[in-house]
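Down below is the structure, laid out as structure tokens.
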Amino acid sequence: MAAPAEPARITFHGAAGEVTGSRHLLEAAGVRLLFDCGLFQGRRAEAAAKNRNSPFEPSSISAVFLSHAHIDHCGLLPRLAGDGFRGPVYATRETADLVAIMLADSARLQEMDAKFFNKVHAADGERIEPLYGEKEADLALSLLRPCGPGEMLSPSAGLHSRFLNAGHVLGSAMIQTDFETPAGSRRLLYTGDLGRREVPLMRPPEPPADVDYLVIESTYGGRTHEPSSEIDARLGQLLHKAAAEKGKIIIPAFALERSQELIVALDRLRNDPSMPEIPVYVDSPMAINITEVFNKHLEGFSFDREFKAYARKDGDPFGFDFIKYARSKEESQALNSRPGPMIIISASGMCEGGRILHHLRNNIADPSATVLIVGYQAAGTLGRRLQDGQKKVRIFGLQHEVAAEIKTMPHFSSHADREDLLAFVKGLNRKPRKIFLVHGEDSQRDALAEALGTAGFGGIEKPRLGQSFVLD
């Protein structure tokens, strides 16, 4: 096969110097591939500008490859489809099932939050429009092409891609792409979000061979996670406090993975006779639906051997009688007038939309309440402002005093930390020509770049938003 006349190129249109909104454009072998199409989450004005204005013509994209179903990696697909994209969206089978739930829910939230915001601000005339609706979400879902692990995909004659386990969440995958350049054959590996070496449920990622260009996340590039063995003790302290003060524990949790991990952890604590029994409510129809997908894919390539063995024995590893599920709006609203103690697990995980905002609005001023942060909070999000200790925050545009106790438990993180990331890169059979650090704030990218340099790796790049690189 003749080498292409034009060089290959990668351009970073999201998650460059920031964590959310992953969008990376590879131009090679005559096609334009988009790795992830994520929603940017942050301050309202900045999010609107980044999410509504595409830096490329959507109809020019040949195909989209999704690393996993978190909304900051797939949540802008309906906008892309609504603006003219009609190519295939490749994803693992598990991710495809999860994305169907995530995008339908995201569309509803876009419309509901805009409606509620406009109602609250009717007097001052301030209005917002939803980014997209269910029509655009349905269009995006019609483009999904579920794939098996390791299945070879060829969007063009000179380009071949396949999915490899990333160990982050159910169905999460790295995307390995081989393509021709004027200088010869090259291999690019996009990690998406990498899992940890030791984490409940998931099989850890393994680096493939002969990687020329590595695009790797750096969310926790300068941090080391607390051991998951401390989860029960830390949660137990909060349960005792809530029982003594008759307070509510409000947990903003991603419906995908984090909610299921919390349920399993709380079930462990119920077997401890010293722990108070506190009602647990999962107020997220999406989390309920996602748990059903987990049960559908118990033999999926993401889960580790130990969990698969347990699942075969149990049959319903995520089903616990003590969990109460709030499906309807009325059931959700009733929780705000019900006295504590209780635990409420609700989405979104960064407090940027959905039912969690109503629980925060009704409980943030209560000193007996605890807001437990169990996931990454991107800069500019309400969750990050609470985590940073702000005493006044805006919810639906209205200011609220923060009297509730804000706690953070990073033990649940499904992201690789500094040591995990270094181990992954060191596990490559040769040093890549270039290593692109994405999906991390500058402080974390800087720390990881320094650590990689110390370990003897060169060609390290920290791309800016919109920056392009030739892959020769």
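Scanning segment 7-18 for residues that are surrounded by fewer than 21 Cβ atoms within 10 Å (Cβ to Cβ) and either part of a strand (DSSP E or B) or without any contact (Cβ under 8 Å) to a residue 60 or more places away in the chain (or both) returns R9, T11.
Given the options V425, V402, name the one that is touching a residue at least 12 places away in the same chain (Cβ under 8 Å) and closer than 24 Å to T381 by Cβ.
Values: V425 fails: closer than 24 Å to T381 by Cβ.
When all the criteria are applied, what remains is V402.
The one condition from (1) surrounded by fewer than 24 Cβ atoms within 10 Å (Cβ to Cβ); (2) touching a residue at least 40 places away in the same chain (Cβ under 8 Å); (3) farther than 21 Å from Y376 by Cβ that A107 does not meet is (2). Search segment 409-448 for residues being within 27 Å of I250 (Cα to Cα) and among the charged types (D, E, K, R), and hand back the single one that is surrounded by the fewest Cβ atoms within 10 Å (Cβ to Cβ). Going through the qualifying residues, I end up with E441. All told, V31 meets the bar of being on the phi < 0 side of the Ramachandran plot and touching a Pro at 6+ places or on another chain (Cβ under 8 Å). Kindly provide the set of residues from segment 110-130 that are within 15 Å of I71 (Cβ to Cβ) and either among the charged types (D, E, K, R) or exposed (fewer than 14 other Cβ atoms within 10 Å of the Cβ) (or both), ordered by number. Correct list: D113 only. Scanning segment 157-202 for residues that are at pLDDT 95 or above, part of a strand (DSSP E or B) and of a type in the set (D, E) yields one hit, D178.
Taking segment 156-178 as the search range and keeping residues that are over 18 Å from the mean Cα position of the chain (by Cα) and buried (at least 22 other Cβ atoms within 10 Å of the Cβ), which one is farthest from A69 (Cα to Cα)? Applying the filter and picking the extreme gives L159.
Pairing each residue of segment 315-336 that is under 20 Å from L298 (Cα atoms) with any residue that is assigned to a loop (DSSP other than H, G, I, E, B) and modelled with pLDDT of 85 or more, provided the two are 6+ apart or on different chains, yields C-beta distances under 8 Å for P317/L298.
So if I check each of D83, D124, which one is touching a helix residue (DSSP H, G or I) at 6+ places or on another chain (Cβ under 7 Å), among the acidic types (D, E), more than 28 Å from G195 (Cα to Cα) and free of Cβ contacts under 8 Å to residues at least 40 places away in the same chain? Give the steps one after another, and end with the answer.
Details: D124 fails: touching a helix residue (DSSP H, G or I) at 6+ places or on another chain (Cβ under 7 Å).
The conditions single out D83.
Of the strands (runs of 3 or more DSSP E) lying entirely inside segment 307-394, those carrying at least 2 residues that are buried (at least 18 other Cβ atoms within 10 Å of the Cβ) are 342-346, 370-373. Of the residues that make up segment 440-463, is at least one under 26 Å from the mean Cα position of the chain (by Cα), closer than 14 Å to I10 by Cα, of a type outside the set (S, T, Y) and assigned to a loop (DSSP other than H, G, I, E, B)? Scanning segment 440-463 turns up at least one residue that is under 26 Å from the mean Cα position of the chain (by Cα), closer than 14 Å to I10 by Cα, of a type outside the set (S, T, Y) and assigned to a loop (DSSP other than H, G, I, E, B). Selection of segment 209-267 for residues being among the acidic types (D, E) and over 19 Å from the mean Cα position of the chain (by Cα) yields D210, D212, E226, E230, D232, E245, D267. Does segment 182-189 contain at least one residue that is of a type in the set (A, V, I, L, M, F, W, C), surrounded by fewer than 20 Cβ atoms within 10 Å (Cβ to Cβ) and closer than 30 Å to E27 by Cβ? Looking for residues that are of a type in the set (A, V, I, L, M, F, W, C), surrounded by fewer than 20 Cβ atoms within 10 Å (Cβ to Cβ) and closer than 30 Å to E27 by Cβ, one finds at least one in segment 182-189, hence yes. When restricted to residues that are touching a Gly at 6+ places or on another chain (Cβ under 7 Å), hydrophobic (A, V, I, L, M, F, W, C), in a helix (DSSP H, G or I) and under 22 Å from A287 (Cα atoms), segment 229-272 contains 1. Scanning segment 270-295 for residues that are within 14 Å of G319 (Cα to Cα) and at pLDDT 90 or above yields a count of 4.
The values are calculated or read from the model by the stated rules, or taken from the named source; none is laboratory data. Just so we're clear, the structure is a prediction, and the values are computed from it rather than from any experiment. Heads up, the Cβs are rebuilt from the backbone with ideal geometry, glycines too, and the neighbour counts pull from every protein chain shown.
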